[in-house]
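Visitor: Starting off with a structure, shown below.
The values are calculated or read from the model by the stated rules, or taken from the named source; none is laboratory data. Keep in mind that this is a model prediction, so the values were computed, not measured. So basically every Cβ, Gly included, is an ideal-geometry build from the backbone, and we count neighbours across all protein chains shown. In case anyone asks, the SASA skips ligands and DNA or RNA and just uses the protein heavy atoms, side chains included. Shrake-Rupley method; radii C 1.70, N 1.55, O 1.52, S 1.80 Å.
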Amino acid sequence: MADEQMASSGGRPPVRPLDTIDRAILAMLRTDGRASIRSVAERVHVSRANAYARINRLIDDGVIRGFTARIDQERAGQSASAYITLKIVQNTWRTVRDQLKALPGAAHIALVSGDFDVLLLVHTKDTRELRELVLTRIQSIPEVLSTRTLLVFEESDIGSEVQ
């Protein structure tokens, strides 16, 4: 039975429901991914062993996909950020996604509904590099029918300010 569930969910373990403690742990780690087990345990009022077990379960279940640093793109030398919308040939999402992932500066890719099919967030050194990325790299992908570039003037992460 467990093998059937794994196969039906693409090889991932079945999703277990999250309780209020799990959600509190996720909120805390979203704010500070470097929080110690001790501080997590104290904040959500469980033992360190319980906090450790819960975090490991959230990782094993694929709820937590990893821990990363939040980068100030401008300070990191990537002063031009843009959302690029793409219309693509029907049923080519996986092919296009794999090509977009390989692009320098690609930060986030999503298959979406609406007037376009794909939303891509990129960070580049400057607008010249952004222009090169869009006009030379992205528009040369055969499955990409059209693009539209939305320059980001200012950005901030929501719900992840370090306290």
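Visitor: Tally the residues that are in contact (Cβ under 8 Å) with a residue 24 or more places away in the chain and assigned to a loop (DSSP other than H, G, I, E, B), restricting the search to segment 83-99.
Guide: Residues meeting the conditions: 2.
Visitor: Checking the structure you have, find out if any residue of segment 121-132 is of a type in the set (S, T, N, Q) and in a helix (DSSP H, G or I).
Guide: Scanning segment 121-132, I find at least one residue that is of a type in the set (S, T, N, Q) and in a helix (DSSP H, G or I), so the answer is yes.
Visitor: Right, next: Can THR127 be described as hydroxyl-bearing (Ser, Thr, Tyr), free of Cβ contacts under 8 Å to residues at least 24 places away in the same chain and either open to solvent by less than 50 Å² (accessible area, probe 1.4 Å) or farther than 30 Å from PRO14 by Cβ (or both)?
Guide: no
Visitor: Please determine, by comparing only the residues of segment 33-57 that are under 24 Å from the mean Cα position of the chain (by Cα) and part of a loop (DSSP other than H, G, I, E, B), which one is nearest to THR68 (Cα to Cα).
Guide: GLY33
Visitor: Out of ALA51, ALA80, ALA102, ALA69, report the one residue that is free of Cβ contacts under 8 Å to residues at least 40 places away in the same chain and open to solvent by less than 40 Å² (accessible area, probe 1.4 Å).
Guide: ALA51
Visitor: Take ARG148 and decide whether it is over 19 Å from the mean Cα position of the chain (by Cα), in a strand (DSSP E or B), surrounded by fewer than 17 Cβ atoms within 10 Å (Cβ to Cβ) and not β-branched (Val, Ile, Thr).
Guide: yes
Visitor: Okay, next question. Within the group ARG12, ARG30, which residue is in a helix (DSSP H, G or I) and at pLDDT below 90?
Guide: ARG30
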